[in-house]
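The values are calculated or read from the model by the stated rules, or taken from the named source; none is laboratory data. If you're wondering where the values come from, they're calculated on a predicted model, not measured in any experiment. Here the Cβ is made from the backbone with ideal geometry for all residues, glycine too, and neighbour counts use every protein chain on show.
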Amino acid sequence: MRGLAGKLLHLDRRVIFVLIALATLIPLLRPIGLPVRISPEVRQVYDYIESLPAGSVFLLSLDFDPASKPELYPMAVALLNHAFKRDLRVIGMTLLVTGTGMAEKVVSGVASEHGKQQGRDYAFLGYSPGGSNVIIGMGQDLAAAFPTDHYGQRTTDLPVLQGVNSLRQVNYVISLAAGTPGVESWYVYGKEKYGFELGGGVTAVIAPGLYPFLDTGQINGLIGGLRGAAEYETLIGMKGKAVAGMDAQSATHFVIIGLILICNLFYFLTRRTTIRSFGSPQGRPGSPREAGR
Amino acid sequence: MTLFLRRTFPLLLTFLFGVAAALQYYIPHPLSEAALTEISVWLRIILGFAMILGIASLCHVHYAKIRTRAAGWGYSLVVYLSMLVTVAVGLWSRGQEEGTGFGWIYTYALLALQGTMFSILGFFVASAAFRAFRARSKEAAVLLVAALIVMFGRVPLGEYLIPAAGPLAGWILNVLNTAARRGILIGISLGGIATSIKIIFGIERSYLGGRD
């Protein structure tokens, strides 16, 4: 038994890769559609947008690049759908140059689905270099930070931006981020000084790090990972890519949970023999070298 | 004179701008606000030059690798080629993405490559979890149990099988995780303040290039 457990502990990683691939693919091809429970932090974002009167200014900063597209793109689609449905004045932008094309595509795509006109109902400012300094610049003078929008039109001439001279006139900002600059930058350099309400949408990896900001009210809501996006899609009654991906995420989590349990079972079964077999600390099961095999 | 330009002048500028920026936050006078607007424009211009410096540094590092035929020098060649092709196509397309070669590179190269890189992580995380996530000590066991509960409770299947798993995962994130994160954040913030004060008052000078 110990021998078998020892062999399984050294399972070829390609077997694990195949298991993960199958756990992702099968539910995507044959979805079950399990219900998604709505967490309070996602509902808070939804409720705040619901409470905004038509014509309020909503700024969505798509601070992510294609690497985080699977998690954050569905969030952007859901939020934009909600904002356009509520007839908010939408401003789209990005603080990451590699996210510009993707951000433009999602803002203009969802806007056209709702029959919204660029410049009149929404504006896409695009990218401006400077990271967090762009936020300070927008807080001081929006037209100075973005003299023209992504399409080369002067921002002062856009009807949708009439009366919006700086971030002080923005009602709600949501940063969809996968790192820095992101939600924290918008809080430190934006909300704290210019007084708008702020929400966050982030990848699952960085979501736990933002819970302290949620409890203190520094952000009023948090959409975390694909799960958060699926919750938001459920709230607005939309069957999008996030809801479709939740079955795959369920299966993948369960495969990983199973693998961790099996590995610990084998570890306890082989503990005595492995101490003899793996004399050097470098080769012990569980060591960094072992993990990379 | 050289010493003044290399050491005293940068220290003086750092002190003046550091103190002014800190005070500005608490003085919302129109004059102070106008100064902040002006400085934010300067900062963005300086960052633009920093980007040029970054590109020059990247080119230098990869050129050195190609010249010395260091391990993996072929990848450096790929960096050069992709950068030059993207810049050339970008200039040719006048920076426009819609229906241009630049847009094609963005959609079918950058987007696909970055997506693939991130997706591969999922496979490696699973493999690493199988090999390294073991209850080798009491602390590791606590971490393991917490991770299993959060992984179980954050997916619909877990909540469907055990309805209490979702709220339990939420409690771990909202209470235990927040408490630990808050401690880390306070520590980082105090460290940041201390370092800023040291830089403003010229005690920390490593940004000058390590010379006193």
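Filter segment A:105-125 down to the residues that are under 18 Å from A:D157 (Cβ atoms) and either of a type in the set (S, T, N, Q) or free of Cβ contacts under 8 Å to residues at least 24 places away in the same chain (or both) and list them by number.
Those that are under 18 Å from A:D157 (Cβ atoms) and either of a type in the set (S, T, N, Q) or free of Cβ contacts under 8 Å to residues at least 24 places away in the same chain (or both): A:Q117, A:Q118.
Residue-wise test of (1) buried (at least 19 other Cβ atoms within 10 Å of the Cβ); (2) part of a helix (DSSP H, G or I); (3) of a type in the set (A, V, I, L, M, F, W, C); (4) at pLDDT 90 or above.
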site	(1), (2), (3), (4)
A:R227	yes, yes, no, yes
A:E231	yes, yes, no, yes
A:T234	yes, yes, no, yes
A:S250	yes, yes, no, yes
A:H253	yes, yes, no, yes
A:L269	no, yes, yes, no
A:T273	no, yes, no, no
A:R276	no, yes, no, no
A:R289	no, yes, no, no
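Among the helices (runs of 4 or more DSSP H) lying completely within segment A:79-161, list those that include at least 3 residues that are assigned by TED's automatic domain parsing to the domain that holds A:T234 and closer than 30 Å to B:P30 by Cβ.
On the way: elements: A:100-113, A:132-140, A:142-145.
So the answer is A:132-140, A:142-145.
If you check B:E38 against the conditions, is it part of a helix (DSSP H, G or I) and of a type in the set (D, E)?
Details: part of a helix (DSSP H, G or I): yes; of a type in the set (D, E): yes.
Yes, satisfied.
Do we find that A:S61 is away from chain B (no Cβ under 12 Å), surrounded by 23 or more Cβ atoms within 10 Å (Cβ to Cβ) and touching a Ser or Thr at 6+ places or on another chain (Cβ under 6 Å) in this structure? If you could, list the steps in order and put the result at the bottom.
On the way: away from chain B (no Cβ under 12 Å): yes; surrounded by 23 or more Cβ atoms within 10 Å (Cβ to Cβ): yes; touching a Ser or Thr at 6+ places or on another chain (Cβ under 6 Å): yes.
Answer is yes for this residue.
Inspect segment A:100-123 for any residue being crowded, with 20+ Cβ neighbours inside 10 Å and at pLDDT below 90 and give the result as yes or no.
Looking for residues that are crowded, with 20+ Cβ neighbours inside 10 Å and at pLDDT below 90, one finds at least one in segment A:100-123, hence yes.
So how many residues does segment A:16-43 have that are crowded, with 17+ Cβ neighbours inside 10 Å and part of a helix (DSSP H, G or I)?
Number satisfying all stated conditions: 8.
For segment A:1-15, which positions are surrounded by 13 or more Cβ atoms within 10 Å (Cβ to Cβ), more than 10 Å from chain B (Cβ to nearest Cβ) and either under 32 Å from the mean Cα position of the chain (by Cα) or of a type in the set (K, R) (or both)?
If the condition is that a residue be surrounded by 13 or more Cβ atoms within 10 Å (Cβ to Cβ), more than 10 Å from chain B (Cβ to nearest Cβ) and either under 32 Å from the mean Cα position of the chain (by Cα) or of a type in the set (K, R) (or both), then A:R2 is the only one that fits.
Against the conditions (1) within 14 Å of another protein chain (Cβ to nearest Cβ); (2) more than 19 Å from the chain's Cα centre (by Cα); (3) farther than 21 Å from A:N171 by Cβ, where does A:G131 fall short? Just the number, please.
If we test A:G131 against (1) within 14 Å of another protein chain (Cβ to nearest Cβ); (2) more than 19 Å from the chain's Cα centre (by Cα); (3) farther than 21 Å from A:N171 by Cβ, just (2) comes out false.
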